[in-house]
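The values are calculated or read from the model by the stated rules, or taken from the named source; none is laboratory data. Keep in mind that what you see is a predicted model, and the values were worked out from it rather than measured. Here the Cβ positions follow ideal geometry from the backbone for every residue, glycine too, while neighbour counts run over all protein chains shown. These area figures cover heavy atoms from the full protein model, side chains too; ligands, DNA and RNA do not enter into them. Shrake-Rupley method; radii C 1.70, N 1.55, O 1.52, S 1.80 Å.
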Amino acid sequence: MTVIEQTRAPRSEARRRRSPLGSRWTPYLFLAPAALFIALFQAVPLAQEIFLSFTHTSLLNPTSNTWVGLENYAHIFSDDEFHRTLTITLVYVVVCVVGSVGAGLGVALILNRSFRGRGIARALVTVPWAAPGIAVALIATWMLNPQYGIVNRFLNAVGLGVPGGAILDSSTYALPAILVTTTWQLFPLTSVVLLSALQAVPKDLTEAATMDGAGRWWTFQAVTWQVIKPTVGLLALLMTIWSLRRFELIWLMTKGGPVGSTETLVIDLYAQAFDSKQLGTAAAIGMVGVVISLIVIAGSRFVARAAEKENIR
Amino acid sequence: MSGEMPSERSGRHSEERAQPPAEQARNRARPEHTSGEMPSERSGRHSEERAQPPAEQARNRARPEPTSRLRIGLTLRIVAVLAVMGIAIFPLYWMFVTALSSDADLFASDARLLPDFSQFGVFVDALAEGETVRWLRNSLVIATGTTALSIVLGIPLGYALSRFSFRGKALMTVVLLLTQMLPEALMVVPLFSLFNRFELLDSLVGLILANAAFVLPIAALILKGAIDGIPRELEEAGRVDGARPFTMLTRINVPLIAPSIAAAAVIAFFHAWNEYVFAVTFIYSPEMQPASVGIASFIGEVGTPVQTVMAVAFMFTLPAVGFYLFAQKYVVAGMTAGAVKG
């Protein structure tokens with residue numbers, strides 16, 4: 001409709017009527033639908049959760065809230081089990097980040113060579129990232145089955161079998177099993193992103209370094225690492241934030257058990273809300289996770305800015 | 001690893017130069033089996049070298065590399081590539097093998113490592129049961145709706161963030177990034193009460209809205225990055241003609257960012273296809289269940305044969321992986337742009 005109108009209007013008039021960017025309300029018209037949508041389904045719920053974290057509220061009667069101030073926070077921080085949850089979350093996040101970025105970098109370096117079939121190799125390597133978390137949890141559970149799982153058969157064959165084979169029922173081995181599964185699902189993304197970052201490494205520079213007799217390690221840290229460092233930092237940040245909120249893989253594999261040995265913040269929050277029906281406590285736990293994420297983001301910005309200043313100097 | 005190439009190459013050059021023609025021919029043929037390096041690239045480097053005598057000198061200085069060492073290096077690299085591919089593929093391959101196993105093979109003391117295609121009926125049986133088809137259909141509806149909604153809302157948002165400067169722009173960008181750290185498990189309670197009020201529980205529409213809220217920020221950031229890459233000059237002509245910004249967006253920008261729209265669409269589609277927390281909480285009638293919830297209900301359940309479970313899970317996984325591989329180039333480009341710029 002607007003097109004018809006405009007073609008009919010004399011050009012000079014059209015130019016006089018509108019500034020080149022349209023009126024100053026134009027950008028708001030473009031973003032209003034999305035902004036309203038995000039406000040309704042993200043901002044309002046978040047505000048409600050913040051409110052809930054200061055109340056006693058039961059899942060069975062969510063509209064009746066008793067304001068209790070900071071009691072929920074005081075309660076969780078004085079709880080030893082919550083301290084364990086924080087420790088497990090820390091271990092989970094750190095291993096996920098180091099594992100996925102490390103494995104991704106290794107794979108990216110392997111694939112950063114031209115060889116026949118590289119395209120296929122690169123495509124196949126990204127498959128785990130595309131696989132749905134539900135399917136991954138399902139096949140992981142089956143592979144770890146105490147009697148018939150391929151993992152136990154393999155471990156027994158090489159003499160590393162876990163007694164009884166019940167890896168996911170063991171408070172020692174369940175977390176490592178989940179960490180391996182998570183890393184398996186994450187490394188394709190980090191490797192693909194790092195692979196494209198490696199394209200920016202000047203080839204003649206690495207070759208020159210090698211020609212001058214520099215070792216591989218020296219070349220890597222003096223040339224390659226300098227180029228991909230910002231990408232590594234960004235990936236580490238993304239992996240941290242995503243790992244802090246990862247739910248379904250852990251929930252479907254162990255539900256946080258056995259005896260809380262795989263209970264991260266998000267698992268604890270869900271169990272509090274839907275098993276213990278304590279919406280207030282659950283919200284407070286969730287807020288702790290959100291604040292940790294915010295600190296990580298702010299910290300990374302600070303580090304990035306400091307690094308930038310260093311470079312300018 | 002990264003430092004090895006040049007010395008290896010110089011080793012190969014010197015070898016070729018020193019050896020009789022027959023030997024040379026064999027050497028030229030060999031790398032296709034071992035390294036598989038592109039021949040054209042090699043010849044390109046040859047000519048490059050001829051043009052730069054100093055470089056060649058430098059290379060010769062570092063030359064005398066024993067052939068056996070580079071063969072070990074090559075073998076190691078091939079083994080590494082194969083190992084990584086194997087690790088990446090094996091669990092899904094194992095899902096397929098398990099689906100196609102007879103009971104005897106499944107519970108035998110020695111695992112059968114190859115699929116038994118005579119058991120293919122398990123896929124047919126799983127599809128013949130109405131449940132599986134209904135799950136997949138519900139997932140398809142949810143994923144399609146989520147994709148459409150997040151693209152339709154994401155394009156104008158990305159355009160506004162890319163082309164205009166306005167009050168609140170920085171805030172909007174920060175909000176989009178902050179949504180990335182909100183766990184679904186946290187938002188499930190308030191969204192539950194919101195949907196309860198608007199009678200959106202136990203409905204696919206509710207799930208579409210919830211999923212779109214989570215994937216829209218990612219889509220918008222990817223699309224903003226794509227529009228950033230389009231020269232503003234292309235819009236100037238439109239401006240002279242007096243076209244409104246909306247026309248310029250739909251006529252000039254949208255066709256040019258089609259690959260990024262595809263990337264955002266694939267990401268949105270599979271976010272919704274895979275989503276579990278909202279679906280398991282908001283849906284209670286079996287007819288509305290998507291495949292993620294249906295398949296998750298198999299975990300820890302013993303009534304259904306393992307082969308059927310794996311067959312259904314494989315049919316749920318295959319579209320995600322297949323479609324992803326098909327659109328991989330765009331998705332990776334989009335994700336990378338979004339990740340690097342976001």
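Miscellaneous remarks
- Förster-model FRET efficiency, 25 Å R0, B:V302 and B:I89, C-beta, rounded to 0.05: 0.30
- The magnitude of the dipole of region A:161-313, with charges of +1 and -1 set on the Cβ of Lys/Arg and Asp/Glu and taken from the Cα centre, is near 340 debye.
- The mean number of partner chain beta-carbon atoms within 10 angstrom of a residue's beta-carbon across peptide A:146-157 is 2.
- Measuring between their Cα centroids, region A:85-112 and region A:190-250 lie 13 Å from each other.
- For region A:69-166: rounded, prolate or oblate by the Cα gyration tensor [a/c cutoff 1.5]: oblate
- Eigen-decomposition of the gyration tensor built on the alpha-carbon atoms of chain A gives equivalent ellipsoid semi-axes of 40, 37, 21 angstrom, largest listed first.
- Extension gain (nm, one decimal) between A:V44 and A:W225, 0.36 nm per residue minus Cα-Cα: 60.9 nm
- Interface size A-B, as summed buried accessible area [1.4 Å probe, Å², nearest 100]: 9400 Å²
- Short-range pairs are left out: with C-alpha atoms under 8 Å and at least six residues apart, the relative contact order of chain A is 26 percent.
- Computed P(r) (all Cα pairs; region A:134-250; 10 Å bins; percent): 12, 29, 22, 21, 15, 2
- Here region B:123-341 yields Rg over Rh of 1.04, to two decimals, using C-alpha coordinates and the Kirkwood radius.
- At R0 = 56 Å, FRET efficiency that the Cβ-Cβ distance of A:W25 and A:V259 yields, to 0.05: 0.45
- Farthest toward positive dipole pole in region A:72-312 [+1 Lys/Arg, -1 Asp/Glu at C-beta], among A:V291, A:G133, A:V162: A:G133
- Scanning chain A for long hydrophobic helices, with DSSP H runs required to stretch 24 angstrom or more by C-alpha along their axis and to average at least -1.0 on the Kyte-Doolittle scale, returns A:80-111, A:174-198, A:225-245, A:279-312.
- For the peptide A:67-77, the mean number of other protein chain Cβ atoms found within 10 angstrom of a residue's Cβ is 0.
- Local net charge near A:G133, Cβ-Cβ under 14 Å (Lys/Arg +1, Asp/Glu -1): -1
- Rel. contact order, % - alpha carbon contacts under 8 angstrom, at least six apart, region B:123-341: 35 percent
- Positive dipole terminus of chain A, leading residue within A:Q147, A:F302, A:Q48 (C-beta point charges): A:F302
- In this structure the amide hydrogen of A:T55, modeled in the peptide plane, comes within under 5 Å of the amide hydrogens of A:V68, none closer than 5 places in sequence on its chain.
- Each peptide in A:200-206, B:219-225, A:214-220 was scored by the mean count of other Cβ atoms within 10 Å over its residues; highest first, the order is B:219-225, A:214-220, A:200-206.
- Here region B:123-341 is assigned +1 on the Cβ of each Lys and Arg and -1 on the Cβ of each Asp and Glu. Its dipole about the Cα centre then comes out at about 960 debye.
- Part-to-part distance (alpha-carbon centres) for region A:134-173 and region B:200-270, which is given in Å: 45 Å
- Region B:217-244 residues near the modelled B:R251 label - backbone nitrogen below 12 Å, point 7 Å along Cα→Cβ: B:235-244
- For the pair B:D241 and A:A214, label points projected 7 Å from Cα toward Cβ lie 5.2 nm apart.
- Projected label distance in nm at A:D169 and A:E310, using a 7 Å step from Cα toward the beta-carbon: 5.0 nm
- Ranked by how many other beta carbons lie within 10 Å on average, peptides B:297-304, A:105-112, A:228-235 from highest: A:105-112, A:228-235, B:297-304
- Ranked by the mean number of other Cβ atoms within 10 Å of their residues, highest first, the peptides B:262-271, B:318-327 come out as B:262-271, B:318-327.
- Between region A:270-310 and region B:106-155, the Cα center-to-center distance that results, in Å: 35 Å
- Partner chain coverage, peptide A:206-216 - average Cβ within 10 angstrom: 5
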